[in-house]
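Notes to accompany the following structure.
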């Protein structure tokens, strides 16, 4: 029974608590903070991007000069407070070290830009990072023995990092890149998707779902083949080295000859007893071994060699019957 502390039911991030930044994984924090500020008030996010609002009025020359705070209207006061709200949100999201780094800034836009320069670098550094991650994007391939989910996670990390640096890709570009990254064993699925001729409108999520379904089918088929191989290996234990397995017709023929042999052997024994009874006083000499007491057909020299052959034949028949039973057992 699952408890509240079970990791399977861990709680997600709070919708009211700020995403905290301690200097690690800036790209992750930047994305979360941007969404948080937009959800808080989209005008606050506009202040971060465009800078604070400053009430002004025209002087005699026609230049814009700051308006005294005593002359601000209610609307202007509300717009001016947006910068303070954005700065307060950013300060609360930073640890002590990061706070001291931006504490001298006078606007939310200045705080945001300074953190970008520190953790993403100048424009030259950004271009270098974009070039490096773009190369990773171009050379991206699904690795050997990698599942679709892991492949898609790696791909998403590269795309999101490039997006944070200002380089984005359209849905069709990402779909085509994922298809080109598939290995050789995925060629039938890749061909089927390409021949459908709707790559420009195919959502990326639908593509990943289709690939995961195909991956499960491949895994099921591979498991079935391995099961058949195991059955064949277990059946091969009953074969002798260098001995080929007879087919069903040969087994049936051997079985008929085997039964016929034992039937004739029983008749000969009855005939021999009857003959010994009638001719017990007669002298009988074998034409094969020249010894008295039996005829050539009952000679031990001949019967022993034949008996060995028929015993070997019987062993082969019984072995194949056991193999058939084992096959039926493993197939069920």
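The values are calculated or read from the model by the stated rules, or taken from the named source; none is laboratory data. If you're wondering where the values come from, they're calculated on a predicted model, not measured in any experiment. Cβ coordinates were reconstructed from backbone atoms using ideal geometry, including for glycine residues, and neighbour counts include every protein chain displayed.
Yes/no matrix, rows are residues, columns are (1) surrounded by 10 or more Cβ atoms within 10 Å (Cβ to Cβ); (2) within 18 Å of residue 164 (Cβ to Cβ); (3) assigned by TED's automatic domain parsing to the domain that holds residue 105:
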{"residue": "39", "(1), (2), (3)": "yes, no, yes"}
{"residue": "49", "(1), (2), (3)": "yes, yes, yes"}
{"residue": "52", "(1), (2), (3)": "yes, no, yes"}
{"residue": "59", "(1), (2), (3)": "no, no, yes"}
{"residue": "70", "(1), (2), (3)": "no, no, yes"}
{"residue": "75", "(1), (2), (3)": "yes, no, yes"}
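Name the residues in the stretch 179-218 that are under 17 Å from the mean Cα position of the chain (by Cα), under 28 Å from residue 34 (Cα atoms) and either surrounded by 14 or more Cβ atoms within 10 Å (Cβ to Cβ) or in the same structural domain as residue 34 (by TED's automatic domain parsing) (or both), would you?
208
Just checking, which of 176, 167 is in a helix (DSSP H, G or I), in the same structural domain as residue 134 (by TED's automatic domain parsing), at pLDDT 85 or above and more than 25 Å from residue 320 (Cα to Cα)? Talk me through it step by step, then tell me what you get.
On the way: 167 fails: in a helix (DSSP H, G or I).
Going through 176, 167 in turn, just one is in a helix (DSSP H, G or I), in the same structural domain as residue 134 (by TED's automatic domain parsing), at pLDDT 85 or above and more than 25 Å from residue 320 (Cα to Cα): 176.
Across the stretch 188-226, what is the number of residues that are modelled with pLDDT of 85 or more, farther than 11 Å from residue 148 by Cα and assigned to a helix (DSSP H, G or I)?
Of the residues in the stretch 188-226, 3 are modelled with pLDDT of 85 or more, farther than 11 Å from residue 148 by Cα and assigned to a helix (DSSP H, G or I).
Out of all the residues in the stretch 103-114, which are farther than 23 Å from residue 166 by Cα and buried (at least 16 other Cβ atoms within 10 Å of the Cβ)?
Looking only at the stretch 103-114, we keep the residues that are farther than 23 Å from residue 166 by Cα, and these are 103-106.
Once the filter is applied, which keeps residues that are farther than 23 Å from residue 166 by Cα and buried (at least 16 other Cβ atoms within 10 Å of the Cβ), the stretch 103-114 yields only 105.
For residues that are touching a residue at least 40 places away in the same chain (Cβ under 8 Å) and more than 30 Å from residue 213 (Cα to Cα), tally how many sit in the stretch 117-150.
From the stretch 117-150, those touching a residue at least 40 places away in the same chain (Cβ under 8 Å) are 119-120, 126, 137, 140-142, 147-149; that's our starting set.
From what's left, more than 30 Å from residue 213 (Cα to Cα): 119-120, 126.
Number of matching residues: 3.
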